[in-house]
Amino acid sequence: MSQPSVGGASIGQWSAAGMIDGRRRTGIVVIGALVLIALPWIAVASGHAALTLLVTRMMIYGLAAVSLDLILGIGGMISFGHAAYFGLGAYVVGILAYHSGAGEPMFGVLPGSNLVVIAWPAALIVSALVALVLGALCLRTEGVSFIMITLAFAQVLYFFFVSLKFYGGDDGLILRGRNVVSEYDLRNPILFYYICFGLLAAFVATCRRLLDSRFGQIVQGASQNERRMAAIGVSTYRYKLACFTIAGGAAGLAGALMANYARFVSPDLMHWTESGQLMVMVILGGVGTLFGPILGAILIVGLETTLTSLTEHWKFILGPVLVLAVLFTRGGLWRLLTGQSRAFNQ
Amino acid sequence: MLRVRGLTKRFGGLLATDDLDLDIWVGELHALIGPNGAGKTTALAQIAGEILPTAGSIHFDGVDISRDSAPARVGRGLARTFQITQLLHTFTTEDNVALAVQIRCGHSFRFWADVHRDQTLRKPALEYLERVGLSSRAQALAGELSHGEQRQLEVAVALATKPRLLMLDEPLAGLGPAEAAEMVGLLRRLKGQIAILLIEHDMDAVFDLADRITVLTSGRRIAIGPPNEIQCNADVRAAYLGEE
């Protein structure tokens, strides 16, 4: 490579490196998507049909983790209460299904429903609205206070559902079956798998698109330098709140999927340890990478499943594995895979 | 155009700004000088709305803006640059400017269209980079720019908010001779087009560019006037220039 000048060479190197990184990234995404699309067939063919179920669970957590990355990684809002929206979405599906089964309307007026077209949007909207209200309060603080207040609100919701005896309290609520798309029941694991995959892919694609929009530019700018944003004449509060709301809605949708997956909802879904686990997925996968948290979810759910089958003290093994993973993949798994980790460390 | 009266800022026992009066006329280049710790940057931050004064009023174009937020003041036409550059380091040079253009164009609740293909943002952004002499670095990351280039970018971003009063906090600090000459050239081109409040330690540049100069020591104004008067002022020589 000829070097016309020091400055010129550095631009050249950067754009060339950027292009190679970009191609590698696209390659990994395409391969990952193809593997996920082919997986149910591979699972059936190789006689490990349960694999489909496991990967469904990974993708549901992946969706929740990506939604957390949208606020934590992209927007710089370190929420320690994201599982609240995950659990809330699950409860919306659970409660609607309960009233649909019992035949008695909620508060005597609202009928229950078992339909996907009603229950899932309801889960998304309720979670988003709660995120809007709580976010409006939380975003008045920043730094450690923000972390603590998001955690506090999530715990309030947790204890609210624990004490909600009508819907099972801390025993939770069992769903009689999965939600229904007109006459098709989602009991078919392969159909349910592809629905989860479709929603995850659609959400990640939407987020990628969002990053390059006017809205996304403001949110990313705000996470980097609030002072700069004020100096160019924008108060970022409402944009951050909108971002928080979108993430809450997506987590609610993931919760709706979880309720269908497990056919069971309980307050444990919104416990702070669950929020912490989502954070671990994001950090392990790569903060602010959107694809990374999916890897994080795959790793955590995978480890949890394999280790629990070995020993009941599985967290004893999980801990060191996580420490090693964080130490050796600085910047997260995604950056390690796409070769960005060195640039990240600089 | 800008009218500051009785501006006072107290940090505990420290009086950072002490009953400061300051007028900036339309199209004027007004320099604010004084020894280190004189409260120049603190005064600027209060005019920009980042720090609330303990007392005093700030009028811009006859409107009392004392209680306006910093972003609202930018909307009225007050822009600033920072002594320690405040840029979005992972954004490209062009994107830093384009974001300022975008904010000027109204709300940003647009979720779909790609800003990088939006010519209503790209074209003005490139024009501002052209004006400060950075257009060849448009696609470099802001964090990769040299110190001098970052200073130029600060000015381009501030200009992109279409200010009528531009406040520059030590734009020459840390620049090499060639870069400094380039920045002085840029300020000379801007002079007359918009009002400028310049904080600067480089006295050659200040006396060369300024229409009027205000001198601060310990938050107090000790002199105001055109450069030749300030140069002869006994108080100023004693407090500030005397030792040189």
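Read the figures in this text as sums done on the coordinates, not as results from a lab. Treat the numbers as computed from the prediction; the structure is a model and nothing was measured. So basically every Cβ, Gly included, is an ideal-geometry build from the backbone, and we count neighbours across all protein chains shown.
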Using the Kirkwood radius over Cα pairs of the range B:11-98, the Stokes-Einstein translational diffusion coefficient at 25 °C and 0.890 mPa s, in µm²/s and rounded to a whole number, is 164 µm²/s
Compute the acute angle (0 to 90°) between the alpha-carbon long axis of helix B:93-104 and the principal axis of greatest extent of the alpha-carbon atoms of chain B; round to the nearest 10°. 80 degrees
Run a plain Debye calculation on the range B:86-162 (Cα atoms as equal point scatterers, no solvent) and give log10 I(q)/I(0) at q = 0.11, 0.12, 0.15 Å⁻¹, rounded to two decimals, same order as the q list. -0.24, -0.28, -0.44
Summed residue charge, Cβ within 12 Å of A:Val287's Cβ, Lys/Arg positive, Asp/Glu negative: +1
Assuming a viscosity of 1.306 mPa s and a temperature of 10 °C, what translational diffusion coefficient in µm² per second does Stokes-Einstein assign to the range A:20-345, Rh being the Kirkwood radius over Cα pairs? 78 µm²/s
Highest GNM mean-square fluctuation, chain A, Cα pairs closer than 10 Å: which of A:Gly296, A:Gly22, A:Gly332? A:Gly22
Could you work out how far helix A:144-162 tilts from the main Cα principal axis of chain A, as a 0 to 90 degree angle to the nearest 10? 20 degrees
Per the Kirkwood formula on distinct C-alpha pairs, the Rh of the range A:20-68 is how many angstrom? 12.1 Å
To the nearest 10 degrees, how steep is helix A:6-45 against the longest Cα principal axis of chain A, on a 0 to 90 scale? 30 degrees
Can you give the extra length, in nm with one decimal, that the chain gains between A:Tyr184 and A:Glu312 once fully stretched, where that is 0.36 nm per residue apart less the Cα-Cα distance? 42.3 nm
FRET E, pair B:Asp21, A:Val323, Förster distance 56 Å, beta-carbon r, rounded to 0.05: 0.40
If N is the residue count of chain B, its Cα Rg over 2.2 N^0.38 Å rounds to 1.03
Kirkwood Rh over alpha-carbon pairs of the range B:60-191 plugged into Stokes-Einstein at 37 °C, 0.692 mPa s gives a D in µm²/s of 214 µm²/s
In whole Å, what three semi-axes, largest first, describe the equivalent ellipsoid of the range A:180-293 built from its Cα gyration tensor (square root of 5 times each eigenvalue)? 32, 17, 13
Taking the square root of 5λ for each eigenvalue of the C-alpha gyration tensor of the range A:247-346, the equivalent ellipsoid has semi-axes, largest first and in whole angstrom, of 25, 19, 10
If you build the Cα gyration tensor of the protein assembly as shown and take the root of 5 times each eigenvalue, what three semi-axes come out, in whole angstrom, biggest first? 55, 27, 20
Can you compute log10 of I(q)/I(0) for the range A:88-152 with the Debye formula, treating each Cα as one identical point scatterer, at q = 0.16, 0.20 Å⁻¹? -0.62, -0.76
Just how far, in whole angstrom, is the range A:51-118 from the range A:157-232 if you go by their alpha carbon centroids? 7 Å
